[in-house]
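The values are calculated or read from the model by the stated rules, or taken from the named source; none is laboratory data. Since we're looking at a predicted model, the values are computed, not measured. Heads up, the Cβs are rebuilt from the backbone with ideal geometry, glycines too, and the neighbour counts pull from every protein chain shown. We work out accessible area using only protein heavy atoms, side chains counted, and drop any ligands, DNA or RNA first. Shrake-Rupley method; radii C 1.70, N 1.55, O 1.52, S 1.80 Å.
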Amino acid sequence: MQTKIITTKNDFAKLKEDWERLQEQDEDVTYYSTFEYNWTWWDVYKNDKNKELFIIVVELKGVVIGIAPLTIEKVNKKILSYRCIRFLGRGDYLGIIINRGSNIKYGTIIKEIFNFIESKNKYFERMTLTHIKDNSRLSAYMLKNKEYNKNFNYLIECPILKYKKFKNFDAYKNEFVSLNAKRYSNKLQREIGYNFKVVSNHNEEVYKKISQLHINEQNYLAKNRGREERRSLYNDKFYSEFVKRVYNNNSKVITFKIEDGNSNILTYDTCYLYKGVLHMWNMAYDTKYENYGLGKVINLEIQKYIFENNIADIFDFGAGRYPWKFEWTDDFIFDYQLDIWNEKTLKSKLLKKIYDIKKKIEFIRRKNG
């Protein structure tokens with residue numbers, strides 16, 4: 001096997017054919033690890049001076065059999081600044097792409113990638129790889145590796161709805177749809193009147209409408225509900241530009257929306273559809289209608305639409321242990337993360353000690369109230 005690093009946009013572009021070949025046959029790959037998604041991400045974030053491309057490619061006799069889409073990010077913490085290896089992009093499931101048809105075992109390919117990373121220890125002080133699916137080959141490798149196992153920990157749940165568990169929408173509705181959802185739907189239709197619409201292959205006009213709605217909602221929650229931690233992703237210049245580019249002429253992006261009679265959006269839910277999985281990733285509502293249970297109404301309409309039109313096998317509610325998600329399903333996936341310091345340099349050793357001390361202090365503070 002031969003291993004190399006991709007650090008330039010031109011060399012990244014040359015990976016397209018091999019990357020797309022691997023992603024289609026690797027069952028662990030979600031939309032967040034596709035070439036399309038990661039290429040768009042880097043085309044925007046290449047302008048972020050704190051990020052460097054660090055894609056690792058494994059070849060066997062000239063054929064690409066493994067890709068680890070990574071970046072090295074400079075984390076600015078004053079005297080505690082350091083360089084951190086992270087996955088390229090941002091999403092609920094991240095990982096590496098492996099050739100499943102190769103005679104080389106998946107563990108051998110993954111081992112080659114991480115041995116290569118360790119051989120480049122002068123480039124980074126920390127490695128934090130997040131949102132790794134619990135049932136992925138990467139998780140299996142981490143759990144059986146003595147060094148990585150102790151640094152590989154639970155991160156969060158991702159609730160999912162498996163449609164094949166139910167004969168039809170009525171069977172699902174009887175088990176999971178609450179009376180409140182039905183009442184809110186009837187109330188909204190009776191007092192406001194609404195239309196449920198499904199939009200694919202987005203254009204900028206839709207992006208502008210939903211981005212402004214999201215910004216307004218987050219500002220409202222921060223100001224009127226004391227949710228000071230709330231920030232709209234559309235206020236981030238890099239991320240908002242990335243989302244805009246993903247939307248353009250992309251049939252994998254689907255937005256479900258509820259509008260009033262004047263085509264004003266009351267609430268929306270935007271998803272990525274890939275390999276039969278509909279990944280929910282962003283939603284917002286018009287705060288003028290916050291007493292109408294818009295979240296319940298749109299989820300009711302979405303699930304009914306998917307059952308009737310059979311557009312997906314699984315609906316993924318995205319990472320987050322929110323009670324409202326578990327009102328609609330009782331299945332979920334665990335996400336894990338690998339967080340490990342590179343202790344082969346003096347700076348890394350010192351930083352690890354400082355962060356360990358900080359963690360202990362924070363733990364004591366929380367324990368003592």
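Listed by position, the strands (runs of 3 or more DSSP E) contained in region 1-75 that have at least 1 residues being open to solvent by 10 Å² or more (accessible area, probe 1.4 Å) and in contact with a strand residue (DSSP E or B) (Cβ under 9 Å, 6 or more places away or on another chain) are 2-6, 51-53, 55-60, 70-75. When Tyr336 is tested against (1) open to solvent by 30 Å² or more (accessible area, probe 1.4 Å); (2) assigned to a loop (DSSP other than H, G, I, E, B), only condition (2) is not met.
Would you check if Leu278 is touching a Leu at 6+ places or on another chain (Cβ under 7 Å) and open to solvent by less than 10 Å² (accessible area, probe 1.4 Å)? So Leu278 does not fit the description; no.
Of all residues in region 272-306 being of a type outside the set (S, T, N, Q), in contact with a strand residue (DSSP E or B) (Cβ under 7 Å, 6 or more places away or on another chain) and under 18 Å from Tyr93 (Cβ atoms), which is modelled with the lowest pLDDT? My answer is Trp281.
Do we have Asp269 as open to solvent by 20 Å² or more (accessible area, probe 1.4 Å), at negative phi and either in contact with a strand residue (DSSP E or B) (Cβ under 7 Å, 6 or more places away or on another chain) or not polar (S, T, N, Q) (or both) here? Answer is no for this residue. Within region 247-258, residues that are closer than 20 Å to Trp39 by Cβ reach partners that are modelled with pLDDT of 90 or more and surrounded by 22 or more Cβ atoms within 10 Å (Cβ to Cβ) with beta carbons closer than 7 Å, at six or more positions or on different chains, in the pairs Tyr247/Val253; Lys252/Tyr31; Lys252/Tyr272; Val253/Thr270; Val253/Tyr272. Checked against the criterion of being within 30 Å of Leu80 (Cα to Cα), open to solvent by 60 Å² or more (accessible area, probe 1.4 Å) and of a type in the set (Asp, Glu), the candidates Glu125, Glu118 yield just one match: Glu118. For region 198-214, state whether one or more residues are modelled with pLDDT of 85 or more, open to solvent by 20 Å² or more (accessible area, probe 1.4 Å) and not in a helix (DSSP H, G or I). There is at least one residue in region 198-214 that is modelled with pLDDT of 85 or more, open to solvent by 20 Å² or more (accessible area, probe 1.4 Å) and not in a helix (DSSP H, G or I).
Please verify whether region 234-244 includes one or more residues that are touching a strand residue (DSSP E or B) at 6+ places or on another chain (Cβ under 9 Å), touching a residue at least 40 places away in the same chain (Cβ under 8 Å) and either surrounded by 21 or more Cβ atoms within 10 Å (Cβ to Cβ) or not acidic (Asp, Glu) (or both). No, every residue in region 234-244 fails to be touching a strand residue (DSSP E or B) at 6+ places or on another chain (Cβ under 9 Å), touching a residue at least 40 places away in the same chain (Cβ under 8 Å) and either surrounded by 21 or more Cβ atoms within 10 Å (Cβ to Cβ) or not acidic (Asp, Glu) (or both). If the condition is being open to solvent by less than 70 Å² (accessible area, probe 1.4 Å) and either in a loop (DSSP other than H, G, I, E, B) or in contact with a helix residue (DSSP H, G or I) (Cβ under 8 Å, 6 or more places away or on another chain) (or both), then region 314-330 contributes Ile314, Phe315, Phe317, Gly318, Ala319, Gly320, Trp328, Thr329. Just one of the numbered conditions (1) at positive phi; (2) open to solvent by 70 Å² or more (accessible area, probe 1.4 Å) is not true of Gly89: (2). Candidates in region 52-109 are the residues that are in contact (Cβ under 8 Å) with a residue 40 or more places away in the chain and of a type in the set (Phe, Trp, Tyr); of these, the one that is nearest to Leu129 (Cα to Cα) is Phe87.
Of all the listed residues (Tyr148, Tyr184, Tyr163), the sole one being touching a helix residue (DSSP H, G or I) at 6+ places or on another chain (Cβ under 9 Å), modelled with pLDDT of 95 or more, closer than 28 Å to Asn99 by Cβ and of a type outside the set (Gly, Ala, Ser) is Tyr148.
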